[in-house]
Structures are given as structure tokens and as C-alpha cells.
Amino acid sequence: MHISLRFFVFLCLFILTVSSVSGQTSELARIRIQGVNEELAANIRNHLAISAESCDTPLSRLNRLAPQVRTNIRNAANALGYYRSTFELSFSEPEECWLLSIYMVPGDQILVENVSVHIAFSSEDQVLFQEIIDELPDMEKTPLHHGEYEDIKNTLSARAIENGYFAARFQRAELRVDMSDYLAEIFIDFEPGPRFSFGEINIEPVPGFSQAFIESLVILEAGEPYSSDRLLEQRTNFDESRYFNIINVSPQLSRVNQGAVPINISLLPRARNAWSTGVGFTTDTGPRFRATYENRYINTRGHHIDSDLGLSPVRSQVNMAYIIPLNDTVRETLSFGTGFVTENAETYDSDRFKLEVAYRRQSASGWLETYSIDYLQDNYTVDLQQDNVTLSGKR
């Protein structure tokens, strides 16, 4: 008990200490900016390196940092097109923490007179890069924003890397500001270079599965153009198969050979067996118990079994399906199913047995197509009269 009390006191002191430090941190960099809109004020705050100085920084050091602060402020203003801004700044020391006061007259924003973006793409690359050009914002006759200029460059670079143009470069990337006419021009010449392709697809052996089955899940092909989207599609295909817990599809950029990027695939299968149980209660059936069992890969070809059991005083059932992947392993299956349902209601009793053979295929549009042959036998008793029905058919 004595140890617990000491621990409680220590914990309280620790919390108070952390709270004190947090409170002090919130007092860092008290900066007051006047004369500008919220966008410019926020950009100035983001540029100010002095905001990292603690509250006990002496005024003498703050004043020595004033030239750096002026540079930060001017860069922040220029980034939003305020090239003729003027400002005053001063430091003071209120009781809690030092204060930086900035009063700015931003002036007019410089306008963009011309935007020239040229991409040296071949006819094969036209669709990919023409989309970027078509989606560029119309910046002409609008206030200059350095961020938009950087966004154009970043978009070009990112799109190139994502699609295998690893030798892409800017022949020219220039933001030209004419202070005499107070106008800006943007010139970007981008050369994607050759497009790399997928090289050899290396698949590490996966316990519990044949190599042929794993290869049936691979949609990438050596020689096709490199694409990050295709790598994502491959990961998704493995994930939707529901066989694997860990999926790694890794481009080996350090092993590029004559423009071909080898791809390594490593997979860790999920646990072979999965169980779940649950209990509940409803006014229609009373207490009920439910259990499911799944064998996710009964053999090396990915065959699997799904089964479920439901028990209640009124209605009980058991179902089982044996599922075989076909050519399109993820989206095409053949299944053999059976089930038994017994119902004991106040006015009738019923025992129902069924068999099913079903072919299922998910179309490219996402629709699930099912073709099946069914056999159903129903034995029931109503008011002491017994009868049975046998049905068969196809869908």
C-alpha cells in the first residue's frame, strides 16, 4: 500500500511537470502580424525560423537575429507575389515571453504574364503527359504564387517517376520576374526520356502453395511499361484472393538492366484454419448459437472450404461449400455446396436438404455472375399431415 501511494505521488508530479513543459512550449514564438491578410500572415509564420527560439532567449540575441527575420519575411511575401512589400519589426519582452511585432504594407501582387510548359514526349507518351498539360491551372493574368509554380514541377516529376521515366529531367525551369513592368513569366521545358519497363518477375516460394498457383495470381508481365498503378493492381489482386497476410511487390531499382526493372514478390500466407463463434437471442428463435469454419487452402492449388453452423430451438442449419479457383483465380470459381435446415415452428415442422453446383465469375464491371444447378428435398409436417417436395433446376 505504501509503495502504491509513493507511485501515485510520483505519477502526479510527472503529469504536472509534463503539463508545465507543454504550457511553456505553447508560449514559444509570440508573433503579432498586422496589415496583411490571413494567407500572407500564415506564410510569414511558416517561414520564420526564429519561432523555434525559447521564451528565455535574451533580447540581445533576438536583435542579432533580426537580419535573418527580415530575409524570412521578404521571402514569404515574395512567394505570394508581394515583391514591393515594406515592413517594420520590433522585439519586446512582456512578462510571459518575448514578442515579435511585424507591421507590413504588402503592396500589389505581381501578375503572371505568360506560362510556357513544354514536354518533349513521343507519340507513345502523348496521352500520359498531355493530361498534365490539359489539367494545368490557368495562371496567366493571376497573382504570382510560387507554390503553384512548384506544383507544376512536382506534378511532372511525380508523374514521370510513377510511370517509369527514371531519367526525366528539366531542361529549363525558370520563374522570371520583371520588376520594371512588375510582371512574371514561367518557363518549363521537361524531357521525360525513355520509359523503363518491368523486368524479370521473381516470386519467392510460398509455403502451402504451388509455384504454378502463385503465378496464376500474377498479372504483371515482363516487358510491359513500368507503372506504379500496375504495381498497386498486383498488390490488390493478391489481397482480394484472401490467401495472404503480408504482400510485398517491390521494384528493384538498384538492379535495373537495359531499362528493365526487376520485380520481387514475397508473400506470407494467412493461417490455414479460421474459426469464429457467437451467441445471441431473438424473440423469433430464442437463444441461438452460430459457428463458422474456414480452411483457406486445403491443398497447394488454393482449394478452400467454407462452412457454418447455426443452432436454435426453432431453426437450425449447417452449410458447407468446397470452392475451386479457376483460370481467373481471384474472380472465377467452381463450388460444390450442401446444406441441411430443420425448422420446428408451432404450426409445422420441416427438414430441408440441398445440393448445389455453382460457377461464379466477377465481370470487369464488378457484377457477380452465377450459374448453378440445384437439388432441393423438403420433408414437412403441417397439422399432422406429412408430405415431401423434391425440386431441381438450374439458374
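In the chain, helices alone account for a calculated mean residue ellipticity at 222 nm of -8000 deg cm²/dmol, with every DSSP H run of four or more residues adding -39,500 (n - 2.57). Which FRET efficiency, nearest 0.05, do residue 292 and residue 250 yield, Cβ-Cβ r, R0 30 Å? So, using R0 = 30 Å, E works out to roughly 0.30.
Charge tally around residue 167: other residues with Cβ under 10 Å, Lys/Arg +1 each, Asp/Glu -1 each, net +1.
Near residue 202: Cβ cut-off under 12 Å, other residues only, Lys/Arg at +1 and Asp/Glu at -1. The net charge is -2.
Entry note, the chain: relative contact order of 8 percent, from Cα contacts under 8 Å with a spacing of 6+ residues. Short-range pairs are left out: with C-alpha atoms under 8 Å and at least six residues apart, the relative contact order of segment 198-269 is 44 percent.
Summary of the geometry: segment 278-316 and segment 223-260, compared by the centres of their Cα atoms, lie 36 Å apart. Just checking the listed ones, 156, 231, 368: in the Gaussian network model of the chain with Cα springs under 10 Å, the one fluctuating most is 368. Exposed loop sites, defined as GluC sites (Glu not before Pro) outside DSSP H, G, I, E and B with at most 13 other Cβ atoms within 10 Å, are absent from the longest region of the chain, namely 222-345. Please work out which option in (i) 23.7; (ii) 20.1; (iii) 37.2 gives mean projected area of the Cα convex hull in nm² calculated from these coordinates, and answer with its label. Given (i) 23.7; (ii) 20.1; (iii) 37.2, the structure-derived one carries the label (iii). Label separation (residue 378 vs residue 75): 7.9 nm, computed from points 7 Å beyond Cα along the C-beta direction.
Taking a sphere under 15 Å around the Cβ of residue 60 and counting the other residues whose Cβ falls inside, with K and R at +1 and D and E at -1, yields a net charge of -1.
Each value in this text was obtained by applying a stated rule to the coordinates, not by laboratory testing. Since we're looking at a predicted model, the values are computed, not measured. Every residue, glycine as well, gets a Cβ built from its backbone with ideal geometry; the counts of neighbours run over all protein chains shown.
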